[in-house]
Every structure is written in C-alpha cells, then in structure tokens.
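The structure appears below as structure tokens.
The values are calculated or read from the model by the stated rules, or taken from the named source; none is laboratory data. Keep in mind it's a predicted model, so treat the numbers as computed, not measured. Cβ: placed from backbone, ideal geometry, glycine included. Neighbour counts: every protein chain shown. Keep in mind that these areas ignore ligands, DNA and RNA; they rest on the heavy atoms of the full protein, side chains included. Shrake-Rupley method; radii C 1.70, N 1.55, O 1.52, S 1.80 Å.
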Amino acid sequence: MLPQNPSTSAEIPHNVVFKKGIDWKLIGIAVSVAAIVFIALYNLAAYPTTWFDEGSHLHVPKTLVRFGVYADYSSDGFRYFGPTVGVGPTVMLPIAGMFRLFGIDLWQARLVVAIYLLATIGLLYLLARQLGGRRLALVAVVLLISSRGVALVEYGRQVLGEVPGLFFVVAAFVLWFSAWETASRLRLSLVGVLFGLAMVTKNQYLLILAPALLLSWIENIVYYRSAPQRVFLIPGIVAAGCYAAWQIYMIMYLGPATASENFAMLRSATAGAALVFSPDLMRRSMEELLSIKVYLGALIPILIYGFFVSIPRHRAGQQWGILFTIIAVNFLWYVLASISWLRYAFLGLVLTGLFTARFFSDITDNFTLDRDALWAAIRRGRTFALAETVQWMAMVWLVLMIAAPLTKTVQQIVRPDFNAPLAMATYLNDHVSHDAIIETWEPELGFLTDHNYHFPPPGLLNQAVGYVWLGASSPRNDYDYVETQQPAYVLVGAFSGWVDLYSPVMLAEHYDLVVEIGEYRLYVRKHSS
C-alpha cells in the first residue's frame, strides 16, 4: 500500500494564509481611471479660464433658473436668439438642473460637461476596441486625451457643445457597428436618435454628419455592397426627424417671428463663418492641420494610410470607411469654407485619432516589440534589421506624440494661469452697484456676477467675425449704444478689444479708467464719478 501524499491528505492549519500575486492589470486599470478622472475634474473651475463663448452659453441656464425663461438676458430684456441655438438642450437643461440643486456657479456647470467628457472617453475606448482590439483602444484614448490639436480635455472642461455632441456621435457608432447588418429596426432607430441628438447639441455636427452619412449610404450602394439599405436609411431618417422635431418645438416655444429671426441669424452666421471660401483662410487652415500640434505633424501619412484601411469590401473595411468619410467631409469643409479655426475640425480630428492608433498598431505588430532582442543587439554592438528599426522608431514617435502635449496639459491643470475673469467679478461685486448699467461684450462676466449688464445684439457677432477673419468693417461702425445711451460703466475685455468694438478716443473723452485686471479694463462715465 502506497503511503498517503501529505500534501493532499493532511489538514491545512486554519491560520495559514496563502499569498496571491499582485494583479498588475487591475492596478493599471485603477491608475488609468484615476488619472483620467483627475485630468477631467481637478481645478475644474480654474482651467481653462472662462471666456466669451462659454460665458454666452452659460447665460441660458442661468436665465432659465432665475427667470424661468429659456433665453439669453440683457438689460433691455430677454433675447431668444444667439446662445439658445448655439448649444442645444442636451447641455443647457442638465446645467440648469445642477444650478437649481446646488446653486449657480461655474464648477456646477462645468461638471456636467466633464461628465460628458468621461463618458465620451469610455465610449471612444469601446468603439476603438470594436475596430481593433484592446491595445489599439488604449493607445487611441491616450492619444485623444493628450493631443493639443484635438483639445478634447480643454473642450471637455468648458461649457461648449463639442464634447457633449461627440458623446452622442460615438455612442451612435458603438451601437451601430456592434450589430451592423443584423441590427433590428429598434436598434437602428436608436442609432438615429443618437445622431439626431448630436445635431441638436451642436449645429456643426449637422453640417458634417448629414452629408457624410448620405455619402456613406451611396458608398454602400456603389462600392461596398455589404450592408442592407435599412442600416443607413433608418438612422438617417430618424436623425433628420429628431433635428426637425427640435426646430418645430423651438418655433412653437419662441413663436414664428423670433424663430425666423433665429434662422436668419443662423444663415448669416453660416455665410460668415462656415461658407467663406477665402484663399487666405484656406492656406491658414492647411497650416493648422499640418502643424506639429496635430498628431506631431503626422496627419498626411495617417490619412493616406486610413484611405487604404477603408478599401477592403467587408464589414470592418466599410466601418473604417464611414469614419474616413466623416473625416474627409469635415476636413474639406474646414479647409475650403470655414474661417480656419481648428475647433471647426474637432470631429474629424477625434476620428483621426482612431486611424492614428491603427497606423502605429500595424507598424509595431499591435505594439508588441521584442525588447530582449533590442537589449541583446545593444550589448553586442549589432545593428537591428530594417523592419525592427522602423518599428522602434515608430514607437518613439508615438511616445513623443503623447508625452509632450500631455505633460503640458497636466501642468496647466495643476498650475492654471491667473484667473482674470474671477478677479474682475470679485471687484465688481465689491465696488459696483448692481443697479448701474455696465456695457460690455464679455458675457462671462454676465454669468459670474448678477450686475445689470447690457450686451451688444447677437447679430453683431457675425460682423465681428468678418472683421477679424475677412477684413470687413469694424462692428464699431454699426454700434453706437455707448454714445447714445451713455451707460454708467463700460467694461472692455479680451473679446471686445479683439474686435475693436469700443473707440479708445470716445472712452478717453467720456470715461475714466477705474481698474485694470488682466485683460479687463473697467471705465466709469466722467459725470458719474
């Protein structure tokens, strides 16, 4: 009879503790999530400094909470155009809810967009993983977080429409691509709703998505022929219906006269900023896209590679092709017709990040380089094979593409610049009566304090854009409120100084400089001092 194996028959003492190995994967996930949350939320109200666009958007939820009206507000009353159509209710209403629950403050407002940012990052990971696996997804997310040209983190820490709109776009693609030809009508309808919400959130998405989805449908008919027509028709029809429903509601809420004024302003803004066709601005747009801040100057090879990735006539090739079509539509519009502000290329730059990750994944064999072979070659003084050398050079290029801009972003978050808007708001609260009219074109101050501000009409913004970007006449030529109404104070800041709205000669003649804080200068009328 064989003796019993003590390792199997002996009773294990109750006080013996088995040590498990460290789960480095779990630790890595926890550290990564913590780092992303830190980048999204730390010093949220301090970086970036609030400015014109964010301030104008913030007027709407503040007015809704204070007065119960979905509108902008100036000393001459409610304004139902301008910011009310600049960013949709998917942003304005949650911020208004935060204000009602926790008070009106910049941190509460930005928290809503930061939550959109965190959710968008998660969805981008899911989309990239569907397209190319876990490693590609990780690299794509890090690229998009770090890129200064994309500015995902910067826009995701402000009350702007880019990141919330991107959330709905990426959610639509995750849902759409995960089922594809087997998707039910309900699923495809939900995809259309998400695309529609993106268009409602930011009109810029309508300008890009509508033609891109139409072209993708045509590509399916003519070239790919791999998906049923309903895969494109149902989302497109539902998305158009969602956008139309919001426009109809706005007409019913605002009234036909005000709604027609909104549409007239939208047409004017489109003509002045989105359909410009200026050779000088085309050249500037190309310089911006090819600059070092856009994926370290690698845009051209990435787009060429992306085109070839999109050629295969199968499901994966077609899905990459749809993303490439959106990029092409966005960049063509940005270069040919926009005012060359890189923010207008936001969606295309984000989706280019997925192709960038695919580009480096394919070069480096899914980011699996032979480190042992490298060290062995170094120790023996041997040269690497050409293919291995290219792989390692690509990896160094990728690391630089991520590390340099990410370091700059973290530095700005941890040590933000002097907060001049907040300092001026504090001064106004301490020294200026809330009854006195303050004329200004710095809407961020209209959010930070409750003073009686008068703002130029929203329609003047189109003329200001033309003045800065196209050499048109100064908006000052068509705005004489200070001369005719003689407000007690005039507050000149970065935006009004940039567009040359207030005459320095007029201010010197009729006003005294009270205080200068950063880029802000507060003037008081001479007879009021």
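Annotation note: Cβ proximity below 8 Å between a residue of the range 291-304 that is open to solvent by 10 Å² or more (accessible area, probe 1.4 Å) and a residue that is of a type in the set (Val, Ile, Thr) (sequence gap 6+ or interchain) occurs for LEU303/ILE327; LEU303/THR352. If the condition is being open to solvent by less than 10 Å² (accessible area, probe 1.4 Å), assigned to a helix (DSSP H, G or I) and under 17 Å from TYR253 (Cα atoms), then the range 69-111 contributes THR84, MET92.
When residues in the range 505-529 are screened for being in a loop (DSSP other than H, G, I, E, B) and out of contact with any strand residue (DSSP E or B) (no Cβ under 7 Å at 6 or more places or on another chain), 2 of them pass.
Selection over the range 389-421 of residues that are out of contact with any strand residue (DSSP E or B) (no Cβ under 6 Å at 6 or more places or on another chain), more than 27 Å from LEU369 (Cβ to Cβ), part of a helix (DSSP H, G or I) and touching a residue at least 40 places away in the same chain (Cβ under 8 Å) gives a count of 4. If I ask for residues that are closer than 12 Å to ARG315 by Cα and not charged (D, E, K, R), which ones from the range 183-227 would you list? If the condition is that a residue be closer than 12 Å to ARG315 by Cα and not charged (D, E, K, R), then ASN220, TYR224, SER226, ALA227 are the ones that fit. Among the conditions (1) open to solvent by 80 Å² or more (accessible area, probe 1.4 Å); (2) modelled with pLDDT of 90 or more; (3) over 30 Å from ILE517 (Cα atoms), the only one that PHE18 does not satisfy is (2).
The residues of the range 48-61 that are crowded, with 21+ Cβ neighbours inside 10 Å and touching a residue at least 40 places away in the same chain (Cβ under 8 Å), listed by number, are THR50, GLU54, GLY55, SER56, HIS57, LEU58, HIS59, PRO61. Residues in the range 129-146 that are closer than 15 Å to LEU351 by Cβ and open to solvent by less than 10 Å² (accessible area, probe 1.4 Å): LEU136, ALA137, ALA140, LEU143, LEU144. Taken over the range 334-368, residues that are buried (at least 24 other Cβ atoms within 10 Å of the Cβ) and among the β-branched types (Val, Ile, Thr) amount to 3. Helices (runs of 4 or more DSSP H) fully within the range 270-354 that include at least 1 residues being in contact with a Lys or Arg (Cβ under 7 Å, 6 or more places away or on another chain): 299-309.
Restricting attention to the range 113-128, which residues are under 13 Å from the mean Cα position of the chain (by Cα) and open to solvent by less than 10 Å² (accessible area, probe 1.4 Å)? Once the filter is applied, which keeps residues that are under 13 Å from the mean Cα position of the chain (by Cα) and open to solvent by less than 10 Å² (accessible area, probe 1.4 Å), the range 113-128 yields VAL113, ALA114, LEU117, THR120. The one condition from (1) at pLDDT 95 or above; (2) among the hydrophobic types (A, V, I, L, M, F, W, C); (3) surrounded by 22 or more Cβ atoms within 10 Å (Cβ to Cβ) that VAL238 does not meet is (3). Filtered by the rule that a residue be closer than 14 Å to THR440 by Cα and either among the acidic types (Asp, Glu) or free of Cβ contacts under 8 Å to residues at least 40 places away in the same chain (or both), the range 512-524 gives GLU519, ARG521, TYR523, VAL524.
Quick grid of which residues meet (1) touching a Leu at 6+ places or on another chain (Cβ under 8 Å); (2) within 30 Å of ARG283 (Cβ to Cβ); (3) of a type outside the set (Lys, Arg):
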| residue | (1), (2), (3) |
| --- | --- |
| PHE447 | yes, no, yes |
| ASN452 | no, no, yes |
| PHE455 | no, no, yes |
| SER473 | no, yes, yes |
| ASP480 | no, no, yes |
| THR484 | no, no, yes |
| TYR489 | yes, no, yes |
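Is at least one residue of the range 169-182 touching a residue at least 24 places away in the same chain (Cβ under 8 Å) and closer than 14 Å to THR90 by Cα? Among the residues of the range 169-182, at least one is touching a residue at least 24 places away in the same chain (Cβ under 8 Å) and closer than 14 Å to THR90 by Cα, which makes the answer yes.
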